[in-house]
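> The following block contains the structure, expressed as structure tokens.
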Amino acid sequence: MKRKQILFSVLLLFSVVATQAARVDTIMVKSPSMNKEVQVVYVLPDKALGEEAEACPVVYLLHGYGGNARSWVGLKPELPKIADEKGIIFVCPDGKNSWYWDSPKNQAYRYETFVASELVKYTDKNYATIPEKKGRAITGLSMGGHGALWLAIRHKEIFGAGGSTSGGVDIRPFPKNWEMNKQLGDYESDKTLWDQHTVITQVDKIKDGDLALIIDCGEQDFFLEVNKALHKVLLEKNISHDFITRPGGHNGQYWNNSIDYQILFFDKFFKK
């Protein structure tokens, strides 16, 4: 009986060590532009920890409407394991329902500045990162897919790669949805402002080679047509990108699967 207890204890110890290799930190990061603290979840691979920490690339993961900083670790519980396997730091900020804009109507919402500037600087200062665009990627789901491409395109000097899964990459067909009017005002009152705050109109800011891009969307997703439209614009402008559609809707099951392919894409980018 004693031998069985000892064996069980040893196996339990090994199990605990294995599951604790990567570390998940939930911290508050100060945003000077918004004069508040923002919750951020960090998934840190073992190689990025301790006195012998090695510099690791970073993938910023943006949540969707109604989500928060913990959305991605909930949708993809395997993130710590993936972080260890690939040596990637994942950074998941709480973006509220901001669409990751610096809102022209609400000065309390400056999430473009926060993510693309303040959070990147904080991460590079406090963690073992590769502090160059070749070591940074950003992606997200739904609202976060819009936000990731919005930030990647507008800050191509910061991010080397950008992605979107089920992203709302053209907001204009959905003027009454997801509290966007809280950040931009009424669509009918200022269509020009809405034109200026949607991903598909930002493509002129990049040329081929500026960003490694991956875009995917489910065949049953209500954002499928706007993603196809973005794909067409990128093709017309000869901007290289991966574009994937696969069976699936706008849901966690789809994102749990799709993010694997995006991480693979970013991992290949980091290893170039």
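A short reminder: the numbers here are calculations on the coordinates, not readings from a lab. Quick caveat, the model's predicted, so the values are computed rather than measured. A quick note on method: Cβ atoms are made from the backbone with ideal geometry, for glycine too, and the neighbour counts reach across all protein chains shown.
> Any number yet on Rg/Rh for the chain, C-alpha, Kirkwood?
Over the Cα atoms of the chain, Rg/Rh equals 1.02.
> Okay, next question. Shape verdict for the range 64-160, please, from the Cα gyration tensor: rounded (a/c under 1.5), prolate (a/b greater than b/c) or oblate. Let's see the in-between values first.
Values: a/c = 1.89, a/b = 1.25, b/c = 1.51.
Verdict is oblate for the range 64-160.
> Please work out the Cα center distance from the range 209-269 to the range 140-168, rounded to the nearest Å.
A separation of 11 Å, based on Cα centres.
> Okay, moving on. Excluding residue 144 itself, calculate the net charge of residues whose Cβ lies under 12 Å from the Cβ of residue 144, where each Lys or Arg counts +1 and each Asp or Glu counts -1.
Its environment carries a net charge of 0.
> Here's a follow-up. With the cut-off at 1.5 for a/c, could you classify the range 138-254 from its C-alpha gyration tensor as rounded, prolate or oblate?
Taking the square roots of the gyration eigenvalues as a ≥ b ≥ c, the range 138-254 is oblate.
> Could you tell me which of the pairs 237/272; 36/182; 36/133; 36/125; 176/207 are separated by over 21 angstrom between their Cα atoms in the structure shown?
Among 237/272; 36/182; 36/133; 36/125; 176/207, the Cα-Cα distance tops 21 Å for 237/272; 36/133; 176/207.
> What is the sum of charges around residue 57, taking Lys and Arg as +1, Asp and Glu as -1, for the other residues whose C-beta is under 10 Å from the C-beta of residue 57?
That works out to +2.
> Oh, and also: Round to the nearest 10 and give me the degree value, 0 to 90, for the angle of helix 252-270's Cα axis relative to the longest principal axis of the chain.
The helix 252-270 is inclined about 80 degrees to the chain.
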